[in-house]
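None of the figures in this text is laboratory data; all of them are computed from the coordinates on show. A quick note: this is a predicted structure, and the numbers were derived from the prediction, not measured. Positions of Cβ are generated from backbone atoms using ideal geometry, with glycine treated the same way; all protein chains shown enter the neighbour counts.
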Amino acid sequence: MDKQKKILVTGSSGLIGSEVCNHFDNLGWLVHGVDNNQRAHFFGPSGDTRWNQKRLESTLNQFTHHELDIRDREAVLKLIQDVKPDAIVHAAAQPSHDKAAQIPFEDFDTNAVGTFNLLEATKRYSTDVPFVYLSTNKVYGDAPNEIKMKEMETRWDYDDDRYTHGIAETFRIDQSTHSLFGASKLSADVSVQEYGRYFDMPTACLRGGCLTGPSHSGVELHGFLSYLIKCNLEQKKYTIFGYKGKQVRDNIHSYDVARFIEEFIKSPRVGEVYNIGGGKANTCSILEAFKIIEGISGIDMVYGYSEENRVGDHICYYSDLRKMISHYPDWSITKTLQVTFEEMFESLMSRRQLNA
């Protein structure tokens, strides 16, 4: 009889971590989640993820929660030796580029050092274990803003045929403004690649566009769509920061992220990098997002405007998915933008009713 496989997921109470836990539990894996609710520390009560931890503990078949801080090197080394995972998905992070400037040591120690702790712990245990790291498109800094743009009625778009499909993995990562968050995540990104190449380990950096979904605990500083939908439901004022509200993001449902992670773990590669997002078909600007949620909820969006854009923010960003699809042709986007909005709306409504 085949031994039951085990997966270790950091940031397991967060958006991507919890989706990965769900997905691999459905596949029959033993799931070990690592989380210490740092999101509540970073963002206050609205960022609290304990509700999601409790959901995993009550609904998954074989889930073990580990209350652990990835900055604790000895604890990380011991955990991986004890669990002996067959795959590792690292989704824990300080995720906000605005917040990073306020807590630079915590940001760097969580994102860069925490990742390094996990990589070294994995290497000491086994160099054969697939290691998937949730990176960010902020590793490119604001260099995408140098692409020639065209302004349309409700959005910006690229006005350069080289970027018809979006930003590819060959795009430059240096000599631009990243935010301190982007710098700490880039440090981790390069470390994940280096452990892959130097020690011949199966590692992947997934440079996320706008990763979203029903399990997001969105706040103003992180979780664009989740926070926007929450503001709409609560008739709370949403602030647009610069670019006329026409800044564009590609949105990928957390389920499709988990499906790609499954494909990589089934057939891993060494030191790879992928731009993972919704692609051009799943793009929207802030103004367009307002219209979509208003159409679902029937509630008018309340918003204000600040001329000052966020430091290092992208005017337009969407991922070129062609490399991902060429390496893993069984993978594709399955959740449309409309479906993603509807699922998030329903999730937030049900959470509000539970808390009523």
> For D300, D320, D69, what ranking results if the residue with the fewest other Cβ atoms within 10 Å of its Cβ goes first?
Replying inline: D300, D69, D320
> Could you give the distance between the Cα centres of the stretch 202-272 and the stretch 68-118, to the whole Å?
Replying inline: 19
> Quick one: if the Förster radius is 56 Å, what FRET efficiency do K291 and Q175 give, using the C-beta to C-beta distance and rounding to 0.05?
Replying inline: 0.95
> Got a sec? How would C284, C205 order by Cβ neighbour count within 10 Å, fewest to most?
Replying inline: C284, C205
> Which lysines, on any chain, are close to K78 with Cα under 29 Å apart, when same-chain ones fewer than 8 places away are left out?
Replying inline: K3, K5, K6, K54, K123, K185, K266
> Between Rg and the Kirkwood Rh of the stretch 1-140, both from Cα atoms, what is the Rg to Rh ratio?
Replying inline: 0.96
>> How charged is the neighbourhood of T283? Take every other residue with its Cβ under 10 Å from the Cβ of T283, and add Lys/Arg as +1 and Asp/Glu as -1.
In response: 0
>> Explain nothing, just compute: Karplus ³J(HN,Hα) = 6.51 cos²θ - 1.76 cosθ + 1.60, θ = phi - 60°, for every residue of the stretch 134-141 in order, whole Hz, x for Gly and Pro.
In response: 7, 8, 7, 6, 5, 5, 7, x
> How far, in nm, would the chain grow between K148 and T334 when pulled straight, counting 0.36 nm per residue and subtracting the alpha carbon separation?
Replying inline: 63.9 nm
> Cα centroid distance between the stretch 1-45 and the stretch 297-356, in Å?
Replying inline: 21
> With labels modelled as points extended 7 Å from the Cα through the Cβ direction, what inter-label distance (nm, one decimal) is found for N61 paired with M349?
Replying inline: 3.1
> Taking θ as phi - 60°, what are the ³J(HN,Hα) couplings along the stretch 28-41 by the Karplus curve (6.51, -1.76, 1.60), each to the nearest whole Hz, with x for Gly and Pro?
Replying inline: x, 7, 7, 10, 10, x, 10, 6, 10, 6, 4, 4, 5, 5
> Under the rule of -39500 (n - 2.57) per DSSP H run of 4 or more residues, summed and divided by the residues of the chain, what mean residue ellipticity at 222 nm is obtained, to the nearest 500 deg cm²/dmol?
Replying inline: -12000 deg cm²/dmol
> Efficiency by 1/(1 + (r/R0)^6): what FRET value for L233 and D48, r their Cβ-Cβ distance, R0 = 22 Å, to the nearest 0.05?
Replying inline: 0.80
> So how far apart, in nm, are the two label points at V190 and K244 if each is 7 Å from Cα heading toward Cβ?
Replying inline: 3.7
> Taking K and R as +1 and D and E as -1, what net charge do the other residues with C-beta under 11 Å from the C-beta of H65 add up to?
Replying inline: -1
> At what distance in nm do the modelled label points of S326 and V270 sit from each other, each positioned 7 Å from its Cα along Cα→Cβ?
Replying inline: 2.0
> When all C-alpha to C-alpha distances in the stretch 107-153 are sorted into bins of 10 Å, what percent of pairs does each bin hold, rounded to whole numbers?
Replying inline: 20, 32, 23, 15, 8, 1
> For the chain, what does the equivalent ellipsoid look like in terms of its semi-axes, each the square root of 5 times an eigenvalue of the Cα gyration tensor, given largest first in whole Å?
Replying inline: 30, 24, 19
>> Give me a comma-separated list of calculated 3J(HN,Hα) values for the stretch 271-278, in order, Karplus coefficients 6.51, -1.76, 1.60 applied at θ = phi - 60°, integers in Hz, x for any Gly or Pro.
In response: x, 8, 9, 9, 8, 10, x, x
> Binning every alpha carbon pair distance of the stretch 254-356 at 5 Å from zero, what are the percents per bin?
Replying inline: 2, 9, 15, 17, 16, 16, 12, 8, 4, 1
> Would you list S326, S191, S319, S347 from fewest to most Cβ contacts within 10 Å?
Replying inline: S326, S347, S191, S319
> R197 to R71: extension gain in nm, 0.36 nm per residue of separation minus the Cα-Cα distance?
Replying inline: 43.0 nm
